[in-house]
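Worksheet for the structure shown next.
The values are calculated or read from the model by the stated rules, or taken from the named source; none is laboratory data. Because the structure is predicted, anything quoted here is derived from the model rather than measured. So basically every Cβ, Gly included, is an ideal-geometry build from the backbone, and we count neighbours across all protein chains shown.
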Amino acid sequence: MANRQGRPGAVRKNSKGPKVGSGGQGRQALQGRGPTPKAEDRDYHPAGKRKAAADRAAARPGGQRVAGQQRPARRAKSTDESEIVAGRNSVVEALRARIPATALYIALKLEMDDRVREAIALAGRRGIPLMEITRPELDRLTGDDNVSQGIALKVPPYEYAHPLELLDTVERTKAVPLLVAVDGITDPRNLGAIIRSVAAFGGQGVIVPQRRSVGLTASAWKTSAGAAARVPVAMAPNLTQTLKSLKERGLFVIGLDGGGDTPLPGLELASGPLVVVVGSEGKGLSRLVTETCDAVVSIPISATTESLNAGIAASVALYEISKLRAPKS
């Protein structure tokens with residue numbers, strides 16, 4: 001049966017004669033090889049190649065190699081951590097505040113308005129390069145085909161203040177401190193809205209945790225409508241410890257939570273030095289932060305509404321606090 005079907009590509013061996021057991025097959029091939037050489041002794045192994053290169057370097061004049069000396073660690077490749085601030089209002093506000101910038105991008109054939117002209121003029125006076133690029137290139141740069149409005153600014157990574165340094169700055173102005181801390185806010189649009197509300201209602205700064213929270217990204221810049229250029233943002237290595245340190249400096253800490261036992265209207269603590277803590281969009285305030293608060297404040301809302309967005313809750317609370325702080329006529 002010459003055309004007998006078999007496995008595709010398989011080779012059928014037809015051995016004749018008596019077969020021996022398989023117990024000794026391959027054993028001889030393993031004899032005499034000895035122990036496996038170390039990695040650095042194998043010239044084809046990366047470790048062996050590194051050793052050979054080091055030996056060659058040591059053979060050069062003045063290149064004596066000390067036994068056991070390790071090669072210096074290779075520096076990590078530098079990465080561009082710049083942020084892109086997009087949108088006409090955000091770009092103009094950033095330039096007005098003299099935020100450090102490395103390039104201003106303008107879409108080709110962009111219809112000019114007062115904001116674009118001002119941005120170009122401000123960038124020119126500061127020596128910031130003006131780059132004209134196509135709209136698709138600008139959209140790829142900003143990551144959104146609607147956010148740029150034909151203009152974007154490249155800025156270096158945001159330099160966060162330390163929370164206690166932020167408080168020192170506020171106290172030097174003789175103002176009553178009003179700070180907002182965010183606890184686990186992960187949506188940059190919420191952070192941007194909170195920064196905008198702080199600027200609108202007399203706050204002096206925002207504190208973000210170093211972990212499990214969004215930082216001042218380009219999206220947060222955009223949502224803040226330029227307020228991030230006027231409101232300093234500090235970063236707390238540990239939010240709970242930072243709140244305790246602020247309490248030691250005389251500030252009261254209040255947390256916003258729908259289940260809080262202190263109503264926001266007529267809040268007695270509003271007139272004093274204050275830190276308002278806004279919880280995350282889903283879980284709210286963390287347990288440790290809640291335990292650190294002097295009061296957990298709730299905003300009265302309709303029973304048909306389950307909760308408020310974090311950015312909206314901060315805005316409502318700051319508005320009420322600003323009313324309570326206003327001089328009585």
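Is there a residue being in contact (Cβ under 8 Å) with a residue 40 or more places away in the chain and farther than 16 Å from ALA225 by Cα anywhere in segment 114-131? Looking for residues that are in contact (Cβ under 8 Å) with a residue 40 or more places away in the chain and farther than 16 Å from ALA225 by Cα, one finds none in segment 114-131, hence no.
Out of all the residues in segment 242-256, which are in a helix (DSSP H, G or I) and either surrounded by fewer than 22 Cβ atoms within 10 Å (Cβ to Cβ) or without any contact (Cβ under 8 Å) to a residue 24 or more places away in the chain (or both)?
Once the filter is applied, which keeps residues that are in a helix (DSSP H, G or I) and either surrounded by fewer than 22 Cβ atoms within 10 Å (Cβ to Cβ) or without any contact (Cβ under 8 Å) to a residue 24 or more places away in the chain (or both), segment 242-256 yields LYS244, SER245, LYS247, GLU248.
For (1) more than 11 Å from LEU256 (Cα to Cα); (2) in the same structural domain as ILE194 (by TED's automatic domain parsing); (3) not aliphatic (A, V, I, L, M), each residue gets a yes or a no:
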{"residue": "GLY284", "(1), (2), (3)": "no, yes, yes"}
{"residue": "THR290", "(1), (2), (3)": "no, yes, yes"}
{"residue": "CYS293", "(1), (2), (3)": "no, yes, yes"}
{"residue": "SER298", "(1), (2), (3)": "no, yes, yes"}
{"residue": "THR304", "(1), (2), (3)": "yes, yes, yes"}
{"residue": "LEU308", "(1), (2), (3)": "no, yes, no"}
{"residue": "ILE312", "(1), (2), (3)": "yes, yes, no"}
{"residue": "VAL316", "(1), (2), (3)": "no, yes, no"}
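Before we move on, is ALA103 within 21 Å of ALA227 (Cα to Cα), at pLDDT 85 or above, loosely packed, with under 14 Cβ neighbours inside 10 Å and under 32 Å from the mean Cα position of the chain (by Cα)?
Considered against the rule, which asks whether it is within 21 Å of ALA227 (Cα to Cα), at pLDDT 85 or above, loosely packed, with under 14 Cβ neighbours inside 10 Å and under 32 Å from the mean Cα position of the chain (by Cα), ALA103 comes out as no.
Looking at VAL277, is it under 28 Å from the mean Cα position of the chain (by Cα) and part of a strand (DSSP E or B)? Yes, satisfied. For segment 139-198, enumerate the residues that are assigned to a loop (DSSP other than H, G, I, E, B) and touching a Pro at 6+ places or on another chain (Cβ under 8 Å). Scanning segment 139-198 gives PRO156, VAL176, PRO177, GLY184.
Can you find, within segment 57-85, the residue that is modelled with the highest pLDDT among those that are over 11 Å from VAL155 (Cβ atoms) and in contact with a Lys or Arg (Cβ under 8 Å, 6 or more places away or on another chain)? Here the answer is ALA58.
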